[in-house]
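The values are calculated or read from the model by the stated rules, or taken from the named source; none is laboratory data. Please read all numbers here as calculations on a predicted model, not as lab measurements. Cβ placement follows ideal geometry from the backbone for every residue including glycine, while neighbour counts extend to all protein chains displayed.
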Protein chains: 2
Amino acid sequence: MTGVYKLTFGEPESITPTKYKEISKIELSDATKFNIGSINFKKTLRGCRLEIPLEFDEEVYGFGLQLNGFNHKGSKKMMRPNADPVSNSGDSHAPVPFYCTNKYYGIYVDTARYAEFYCGYGKNKNRPAVPNNTVITNAEELYKKTGYTEKTVMVIDIPVAKGVDIYIFEGESITDVVAKYNMFSGGGCMPPLWGLGVSYRCNAKYTDNQVIKMADYFRERKMPCDIIGLEPGWQSSSYSCSYVWDNERYPNYKELIRYLRNSNFNINLWEHAFVNSISPLYQKLHDFSGTYEVWKGITTDFAGETARDIFSEYHKNKFVDEGITGFKLDECDGSDFTGGWSFPNCDEFPSGVDGEQMHSLFGILYQKTILKALGNQRTFSEVRNSGAFAAPYPFVLYSDLYDHKVFIRGLATAGFSGLLWVPELRRAKNKKDLLRRLQTVVFSPRVIINAWNTEEAPWIKLGAGDEVRELLELRMSLVPYVYSAFYRYHKHGVPPIRALVSDYSDDENTYNIDDEYMFGDSMLVAPMTVDEDKRMVYLPGDAWYDFWTDKKYERGWHEVQTDNIPVYIKKDSVIPLAEPMQYISKDTVFQITLKCYGDKGKTVLVEDDGETHATRYKEIEIDFNGFREETQRYELKRIQCCV
Amino acid sequence: MTGVYKLTFGEPESITPTKYKEISKIELSDATKFNIGSINFKKTLRGCRLEIPLEFDEEVYGFGLQLNGFNHKGSKKMMRPNADPVSNSGDSHAPVPFYCTNKYYGIYVDTARYAEFYCGYGKNKNRPAVPNNTVITNAEELYKKTGYTEKTVMVIDIPVAKGVDIYIFEGESITDVVAKYNMFSGGGCMPPLWGLGVSYRCNAKYTDNQVIKMADYFRERKMPCDIIGLEPGWQSSSYSCSYVWDNERYPNYKELIRYLRNSNFNINLWEHAFVNSISPLYQKLHDFSGTYEVWKGITTDFAGETARDIFSEYHKNKFVDEGITGFKLDECDGSDFTGGWSFPNCDEFPSGVDGEQMHSLFGILYQKTILKALGNQRTFSEVRNSGAFAAPYPFVLYSDLYDHKVFIRGLATAGFSGLLWVPELRRAKNKKDLLRRLQTVVFSPRVIINAWNTEEAPWIKLGAGDEVRELLELRMSLVPYVYSAFYRYHKHGVPPIRALVSDYSDDENTYNIDDEYMFGDSMLVAPMTVDEDKRMVYLPGDAWYDFWTDKKYERGWHEVQTDNIPVYIKKDSVIPLAEPMQYISKDTVFQITLKCYGDKGKTVLVEDDGETHATRYKEIEIDFNGFREETQRYELKRIQCCV
């Protein structure tokens, strides 16, 4: 693989993310433009330390899903998995020891330790005396950027390890660098077509009959819905889990599965990996679990193949074979900010992994285990922790945090590290809040409405049913376009959603924009929250067209006032829009309108079985004149041009 | 010292807090009631681990200043110094690896590492299967207590170290246990009398003339004030510091000092320990500083005696000898939650201490250095980081956080670990907020009004001058009482401010009360915030008297509605109240009213020079009949009884 270079310092640990990577054998470059002689390595009492130079005008992105930070230059980031980190400390549902800069490279540090990255610290201890008696009387300003106008260093503090491998990725833009990292990870995931539709997670206390009622509601009201999710109540014990249907709430679960599948719903089941003593898995996993209890359950040692096999075999037999096609893997992150419910960092697992390493690997290994249970069946599922080399896993991240601005930032940051983030809709404080949030959700990797703690769908009391249906139909129109974006992720590693700086790494206007993002290759999305009636939108590159009005905009900053979500189409693009449908099945044929913007343009639609890993992908080239290939999946209805 | 027992596991590190403790030689007990055989120790890859049993009904307190947590049972706490930690993670301005429980013991773990304490985790991996299909639909409830009804373990994870010393303290109550810990630390600090008066910190941009105008304001309006504090603007460079008076704002600083001292003000100067290149200290400390810059300055290596000597000698000559009697030591904590401005954990200092250890020791060593500069002059100063064995240091902790409830909790938690916390008054959103906050400040170790970023005193625009004067006068009345409380801290280690559970460790009603506290031995304070017009107050033990109305209350919960701050006097107490004064000088004579509650009671007043370490303390016993000793400092005016 060109543009991927490996360097080894000291004696690396044996348990690191590369050990569990989806593809292991990749040929690497034998040269790099990066000045590797400028990197310092040192063993310390605490572990080891790297120093890598940063230019004064070098900006730093990445480190996984970062909900409270975007451009990390000048700040410290700790790679520690945590639920609901409320501050910009690096702690994250999915921290990744990988960063990339506007100097067209990225560095991955291969460690499962809670490495700390000090992104641009000064080492000049021989400064000239320059008088400056300015006084600042504002705490925020005091503690912000350090304002270096010279070279600094990226200091990387790796606990415990006496050495480490690093990988340098080089490319033409941050997107290109990240694509290489994703291909090195095994390529982006390819969700099933139905995974791009609408997911609705039912109240945790619902019974089988209430779930059926909810499913009927969608079909009767002709509201799109592809996936019904069940929250903890489906199990006979949760916190910790039994992985057994509850007799009281789900006496007829087989009937429920049959009914939902026949009504073209996929079913997703909530769980976590802490096994309750009433579970059939408790005795089987007893010897393959950590030292300490979590919610009085045992922690599955996913780092060992035996535990993975026991867990996945059970899930295959009990759930996948019965018709379940997705899972929501909860609480596999950490708990420094949420009461300390998870296993200690000093925990010990039979596989030889300790608690710190396990926290860094837990989400990835859990996903791996569940994928094995699913076999040939593709899924688009949820997970609350992920980490390095996550791109191949068809899981989206979510959070108990709920600030809408924070959720939008997650969309902009997740793509730097091979992650997918969903700003799910839960309760809303009013109708406007609900619609603003749902607008963002529609332009995200997955549409999840999570009503786990509301008695009925969150739009009912707010009287927003019609507007919600309209937004969900918009999403269904976008499914072919999004599917193509995922195909590019799968085949070339290009993240389907990216911050502007990722594509426009030369344009310094983009360096701190954390509330706009590319949605696929041709759409720029700039969501708004309940508190906004207007906002500034930056359009990089050349010209753009307003998705709603077809009005043309030049590059630059524009003030936008709208109740709708600002979406722009890049000049010289063609967007395939489908007639909205209720759900997607194996036989779905999309009725396509090609929307053409500018003078020319082409793209690709993908045809496959939409459901299994065994499928063959056929690329359908399309341009301003229509389809260039035969296809059964898509039917061209009309072409609309906009100049 | 009886009731203090030491145990060594493995090979402890050489750099730990005991190395820098104020008194080194203390004879320890050679026996303990604690079942030391029940403690497990293990070396791990990460460092080492201790397991100490906890009873199911054992509650856990301490770990230093904890602003977001109180009873730590069932949760995780990390001992990492940090500015403004917004969540209940253990991170603190002053974390201390010392906890105590309602089972009448405390354990101090001698480490400068960021140890993690898992306060009651389960290890039972052979649970019987007990069906329970309850479903919780509330995130807060999900993640709260684990509800063990059996023994659990306190798991202590100590990074890096291959061994550790622990000290077990035993006593009759938590207060007794903590007092032993404080005496082991070297005894509580004894502030100067003037330190118990009012401190006013001026706007950071003030000039010498503006400071004089502010000082005159206090004397003209007859508002009590003992200390004038100067914020960064006094220096020719701040962030990082020059430690040199600024020519522009303070051309006549010597005149300013003379004027303020003659008007009976003490002067306190803001600084931090990051040395700017224009400072005379820069070259001197160059070889005695850390590897990385902080705010383009160097970090003083306080762990080495040379750096301490250079720093303290400079402060003695330039400031103490010129009449400065106090310092505010800012930003010596850490910066995981505030942008990462501080030195890295992997920093290296010439003394051999690394960044992690230095963060744990920095505040204590900084205080030690400043105390040395002050020589025989007593002080009551401010510091933003402290740690283990802090009791002897006459410094109070403060924070940029500002939630009033959080500030009240700080008063309840600081006393578990030999720390003093000040809920300083800054801006207020309205008059009620200002007065509610000031009420709490009056019943705290020090009265600090910090106007660093307000143009004028924060009460002016709110028209609250009269009410503020009244509250400050109340504080001045309490000075002899508070001075006695500090004397007990100094001589016997008993913290002047304590959570109710500390004195009433048997009463389970007190186990989670984080918004009431003992103020000295006879007063119970239950502050209220701007959002409250009434509150519930729990009164433990026997009967109490309302401080304002003299009404008698029995033990138990009471609803209180008042604009004032609820304060109660313990039955059978005598409280010495002084006529309020503008300031306290060497010759101040307190005009005392003895307020007697109940049937009998006695206490002690302290007479000394009020200013130096060289003084002799004379105890003046007082009871319902008046003074039992001769004294020049106090004059008995009247005795008031209340039955």
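Looking only at the range B:143-152, residues that are surrounded by fewer than 19 Cβ atoms within 10 Å (Cβ to Cβ) and at the interface with chain A (Cβ under 7 Å from one of its Cβ atoms) come to 1 in all. Annotation note: of A:THR615, A:THR529, the sole residue that is modelled with pLDDT under 95, surrounded by 15 or more Cβ atoms within 10 Å (Cβ to Cβ) and part of a loop (DSSP other than H, G, I, E, B) is A:THR615. Filtered by the rule that a residue be under 24 Å from B:PRO191 (Cβ atoms) and surrounded by fewer than 18 Cβ atoms within 10 Å (Cβ to Cβ), the range B:618-630 gives B:LYS618, B:GLU619, B:GLU621, B:PHE627, B:GLU629.
Looking only at residues of the range B:265-300 that are more than 12 Å from chain A (Cβ to nearest Cβ) and part of a loop (DSSP other than H, G, I, E, B), we find that the one that is farthest from the chain's Cα centre (by Cα) is B:PHE265. Take the conditions (1) touching a helix residue (DSSP H, G or I) at 6+ places or on another chain (Cβ under 8 Å); (2) part of a strand (DSSP E or B); (3) not hydroxyl-bearing (Ser, Thr, Tyr); A:PHE41 misses just one of them, which is (1).
Just checking, does the range B:249-262 include any residue being within 14 Å of chain A (Cβ to nearest Cβ), surrounded by fewer than 21 Cβ atoms within 10 Å (Cβ to Cβ) and either within 28 Å of the chain's Cα centre (by Cα) or part of a loop (DSSP other than H, G, I, E, B) (or both)? Yes, the range B:249-262 has at least one match.
Considering only the range A:473-493, I want to know if a residue exists there that is hydrophobic (A, V, I, L, M, F, W, C) and either assigned by TED's automatic domain parsing to the domain that holds A:PRO527 or assigned to a loop (DSSP other than H, G, I, E, B) (or both).
Within the range A:473-493 (the criterion being hydrophobic (A, V, I, L, M, F, W, C) and either assigned by TED's automatic domain parsing to the domain that holds A:PRO527 or assigned to a loop (DSSP other than H, G, I, E, B) (or both)), the answer is no, since none of the residues qualifies.
Screening A:ALA485, A:ALA499 for residues that are more than 26 Å from A:ASN430 (Cβ to Cβ) and in contact with a Ser or Thr (Cβ under 8 Å, 6 or more places away or on another chain) leaves exactly one candidate, A:ALA499. Considering the range B:117-135, and only residues there that are under 14 Å from A:TYR282 (Cα atoms) and among the basic types (Lys, Arg), the residue that is nearest to the other protein chains (Cβ to nearest Cβ) turns out to be B:ARG127.
Considering every residue within the range A:451-464, establish whether at least one is of a type in the set (Gly, Ala, Ser), buried (at least 23 other Cβ atoms within 10 Å of the Cβ) and in contact (Cβ under 8 Å) with a residue 12 or more places away in the chain. Yes, some residue in the range A:451-464 is of a type in the set (Gly, Ala, Ser), buried (at least 23 other Cβ atoms within 10 Å of the Cβ) and in contact (Cβ under 8 Å) with a residue 12 or more places away in the chain.
Residues in the range A:234-248 that are part of a strand (DSSP E or B) and facing chain B (nearest Cβ under 10 Å): A:GLN235 alone. In this structure, is B:ASN88 within 12 Å of another protein chain (Cβ to nearest Cβ), closer than 23 Å to A:ALA83 by Cα and either modelled with pLDDT under 95 or in contact with a Phe, Trp or Tyr (Cβ under 9 Å, 6 or more places away or on another chain) (or both)? Answer is yes for this residue.
Assessment of the range B:417-436 against the conditions (touching a Pro at 6+ places or on another chain (Cβ under 9 Å) and within 14 Å of another protein chain (Cβ to nearest Cβ)) yields at least one matching residue. Can you find a residue that is assigned to a strand (DSSP E or B), touching a residue at least 12 places away in the same chain (Cβ under 8 Å) and touching a Gly at 6+ places or on another chain (Cβ under 6 Å) anywhere in the range B:87-95? Checked against the condition, which is being assigned to a strand (DSSP E or B), touching a residue at least 12 places away in the same chain (Cβ under 8 Å) and touching a Gly at 6+ places or on another chain (Cβ under 6 Å), the range B:87-95 yields at least one hit.
Taking the range A:216-233 as the region of interest, how many residues are touching a helix residue (DSSP H, G or I) at 6+ places or on another chain (Cβ under 8 Å) and within 14 Å of another protein chain (Cβ to nearest Cβ)?
Qualifying residue count, the range A:216-233: 1.
Might you let me know whether the range B:171-187 holds any residue that is part of a loop (DSSP other than H, G, I, E, B), hydrophobic (A, V, I, L, M, F, W, C) and either crowded, with 24+ Cβ neighbours inside 10 Å or free of Cβ contacts under 8 Å to residues at least 24 places away in the same chain (or both)? No: the range B:171-187 contains no residue that is part of a loop (DSSP other than H, G, I, E, B), hydrophobic (A, V, I, L, M, F, W, C) and either crowded, with 24+ Cβ neighbours inside 10 Å or free of Cβ contacts under 8 Å to residues at least 24 places away in the same chain (or both). The set of residues from the range B:269-281 being of a type in the set (S, T, N, Q) and surrounded by fewer than 24 Cβ atoms within 10 Å (Cβ to Cβ) comprises B:SER277, B:SER279. In the set (1) touching a helix residue (DSSP H, G or I) at 6+ places or on another chain (Cβ under 7 Å); (2) at pLDDT 95 or above; (3) facing chain B (nearest Cβ under 8 Å), the condition left unmet by A:TYR114 is number (3).
Looking at A:GLY334, A:GLY352, which is the one that is within 20 Å of A:PRO17 (Cα to Cα), surrounded by fewer than 24 Cβ atoms within 10 Å (Cβ to Cβ), out of contact with any Leu (no Cβ under 7 Å at 6 or more places or on another chain) and touching a residue at least 60 places away in the same chain (Cβ under 8 Å)?
Numbers: A:GLY334 fails: surrounded by fewer than 24 Cβ atoms within 10 Å (Cβ to Cβ).
Being within 20 Å of A:PRO17 (Cα to Cα), surrounded by fewer than 24 Cβ atoms within 10 Å (Cβ to Cβ), out of contact with any Leu (no Cβ under 7 Å at 6 or more places or on another chain) and touching a residue at least 60 places away in the same chain (Cβ under 8 Å) holds for just one of A:GLY334, A:GLY352, which is A:GLY352.
Screening A:TYR5 on (1) in contact with a Phe, Trp or Tyr (Cβ under 6 Å, 6 or more places away or on another chain); (2) more than 14 Å from chain B (Cβ to nearest Cβ); (3) in a strand (DSSP E or B) shows it passes everything except condition (1). The set of residues from the range B:62-84 being crowded, with 24+ Cβ neighbours inside 10 Å and in contact with a Leu (Cβ under 7 Å, 6 or more places away or on another chain) comprises B:GLY64, B:LEU65, B:LEU67. Kindly indicate whether B:MET536 is part of a strand (DSSP E or B), in contact with a His (Cβ under 8 Å, 6 or more places away or on another chain) and not assigned by TED's automatic domain parsing to the domain that holds B:ARG633. In short, yes.
Residues in the range B:541-589 that are closer than 23 Å to B:LYS602 by Cα and either out of contact with any Cys (no Cβ under 6 Å at 6 or more places or on another chain) or touching a residue at least 60 places away in the same chain (Cβ under 8 Å) (or both): how many?
Count: 29.
With respect to being within 30 Å of B:ASP226 (Cβ to Cβ), crowded, with 20+ Cβ neighbours inside 10 Å, of a type in the set (S, T, N, Q) and not assigned by TED's automatic domain parsing to the domain that holds B:LYS77, B:ASN209 falls outside the description.
Which residue out of A:ASN124, A:ASN102, A:ASN132, A:ASN82 is out of contact with any Cys (no Cβ under 9 Å at 6 or more places or on another chain), closer than 21 Å to B:GLY334 by Cβ and not assigned by TED's automatic domain parsing to the domain that holds A:THR338?
A:ASN82
Modelled with pLDDT under 95, more than 9 Å from chain A (Cβ to nearest Cβ) and within 27 Å of A:ASP354 (Cβ to Cβ) - does that describe any residue in the range B:153-169? Among the residues of the range B:153-169, not one is modelled with pLDDT under 95, more than 9 Å from chain A (Cβ to nearest Cβ) and within 27 Å of A:ASP354 (Cβ to Cβ), which makes the answer no.
Within the range A:325-349, track down each residue that is away from every other protein chain (no Cβ under 12 Å), in a loop (DSSP other than H, G, I, E, B) and out of contact with any His (no Cβ under 8 Å at 6 or more places or on another chain). A:THR325, A:PHE349, listed by residue number.
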